[in-house]
Amino acid sequence: MTKDSLIIVPCHSVWNVLHSGQEPNYGQNPDQWFLAPFQHEGQDHLLFIMHSLLAIEQLSKNISNSILLFSGSQTKRGAGIMSEAQSYYLQIYKLLNAIDNDLALPDSLRSEEIIITHCRRIISNLSTQNVSLKELFENHISTEEFALDSFENLIYSIGRFYELVKRYPSFIKIVGFGFKRTRFLNCHAPAIDFPEQNIEYIPMDPIPNFTDCTRLDDYYDDLYLQEKKNALDLFQVDWYGTKESLYKKKVQRNPFKRYHQYPLPVSFQGPIENDQEFFETYVKGKMPWSRAKHEL
């Protein structure tokens, strides 16, 4: 069967594979990641793991027809040449391999019951299908290592999918933070003319360790406010992230000057002065995945 389904995990940090401490490093502690200050309060590192597990669960439902890609470039100078995508791939493989082989886990990891439950469910699903963990990661999971923002997570993953199977995906699932769902479905997918009925977003937001309900409500209110201010509003007027504000962010996230060479039908590199005109001229109805193109 030819693969035509793409599952994307947009990455948000780099797991420090070289970190050593008093207990084994499976990514269960915040100091095992290169986190930004704002990523600590919501225990974001645990969500990175959960996004990977949720995506692998989706993959296990239709292994023969799907490819899972972790998407994210070399964004942290302190992490060296390790990309976000590579680190997610290695971290989740190490964790699942430990569960698969019944290795002793540190208390800090065993206490994360939701993570352990999903790991065991994946191992059970693979066993039922007679697919080894090694086979899954070698043949059905890969990385996209150039994306510097969420738009590039989507379009570069499509390009990477083509590199692997020599066709563009017909269906896409994205597993990520719930507060970014609108950005992907209402901004990015329409900007590349990807049919809305063929793209799905599977959300999971941070779960801060708060006992006070008011503080928790304030946290989520601020989370969605910052998303609107710092991303959604910007992409609504800069569809492809080529103008000053969004482009500057990408430059700052690219300390090693990495640039893709994906086989995309249209270059979305800037400068694009008029997004609507660009879309009407080069994108609408013209993409290999465009619904209108297939209805002709």
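So, V251, is that one modelled with pLDDT of 95 or more and more than 21 Å from the chain's Cα centre (by Cα) or not?
Values: modelled with pLDDT of 95 or more: yes; more than 21 Å from the chain's Cα centre (by Cα): no.
When the stated conditions are applied, V251 does not pass them.
Hey, C187 hits all of (1) part of a loop (DSSP other than H, G, I, E, B); (2) without any contact (Cβ under 8 Å) to a residue 60 or more places away in the chain but one; which does it fall short on?
Unmet for C187, out of (1) part of a loop (DSSP other than H, G, I, E, B); (2) without any contact (Cβ under 8 Å) to a residue 60 or more places away in the chain: (1).
Could we say that H12 is buried (at least 21 other Cβ atoms within 10 Å of the Cβ), under 18 Å from Y156 (Cβ atoms) and touching a Leu at 6+ places or on another chain (Cβ under 9 Å) here? It would help to see each step written out before you state the result.
On the way: buried (at least 21 other Cβ atoms within 10 Å of the Cβ): yes; under 18 Å from Y156 (Cβ atoms): yes; touching a Leu at 6+ places or on another chain (Cβ under 9 Å): yes.
Judged against the criteria, H12 is a match.
Name the one entry in S73, S111 that is under 28 Å from P208 (Cβ atoms) and within 21 Å of the chain's Cα centre (by Cα).
Working: S111 fails: within 21 Å of the chain's Cα centre (by Cα).
Checking each option against the conditions leaves just S73.
Going through S71, S66 one at a time, which residue ends up being of a type in the set (G, A, S), modelled with pLDDT of 95 or more and under 17 Å from K134 (Cα atoms)?
Numbers: S71 fails: under 17 Å from K134 (Cα atoms).
Testing whether each residue is of a type in the set (G, A, S), modelled with pLDDT of 95 or more and under 17 Å from K134 (Cα atoms) leaves just S66.
Which number in (1) crowded, with 16+ Cβ neighbours inside 10 Å; (2) in contact (Cβ under 8 Å) with a residue 60 or more places away in the chain; (3) of a type outside the set (A, V, I, L, M) marks the one condition that N209 misses?
(1)
Where residues in the range 26-70 are free of Cβ contacts under 8 Å to residues at least 24 places away in the same chain and within 18 Å of the chain's Cα centre (by Cα), which of them is surrounded by the fewest Cβ atoms within 10 Å (Cβ to Cβ)?
A36
Among the residues of the range 136-153 satisfying the criterion of being touching a strand residue (DSSP E or B) at 6+ places or on another chain (Cβ under 7 Å) and assigned to a helix (DSSP H, G or I), which is surrounded by the fewest Cβ atoms within 10 Å (Cβ to Cβ)?
As a first pass, look at the range 136-153 and keep what is touching a strand residue (DSSP E or B) at 6+ places or on another chain (Cβ under 7 Å): 140-144, 147, 150, 153.
After this cut, where a residue has to be assigned to a helix (DSSP H, G or I) as well, the list is 150, 153.
Numbers: S150: 21, N153: 28.
The residue in question is S150.
Quick check on the range 164-184: of everything there that is in a helix (DSSP H, G or I) and β-branched (V, I, T), which residue is nearest to L148 (Cα to Cα)?
So in the range 164-184, the residues in a helix (DSSP H, G or I) come out as 164-165, 178-184.
From what is left, the residues that are β-branched (V, I, T) are 165, 182.
Values: V165: 23, T182: 18 Å.
Result: T182.
Is it true that L133 is in contact (Cβ under 8 Å) with a residue 12 or more places away in the chain, farther than 24 Å from D205 by Cα and surrounded by fewer than 22 Cβ atoms within 10 Å (Cβ to Cβ)?
Details: in contact (Cβ under 8 Å) with a residue 12 or more places away in the chain: yes; farther than 24 Å from D205 by Cα: yes; surrounded by fewer than 22 Cβ atoms within 10 Å (Cβ to Cβ): yes.
Here the answer is yes, as L133 does meet what is asked.
The values are calculated or read from the model by the stated rules, or taken from the named source; none is laboratory data. None of these values were measured; they are calculated from a predicted model. In this analysis, Cβ positions are derived from the backbone assuming ideal geometry, glycine residues included, and neighbour counts consider all displayed protein chains.
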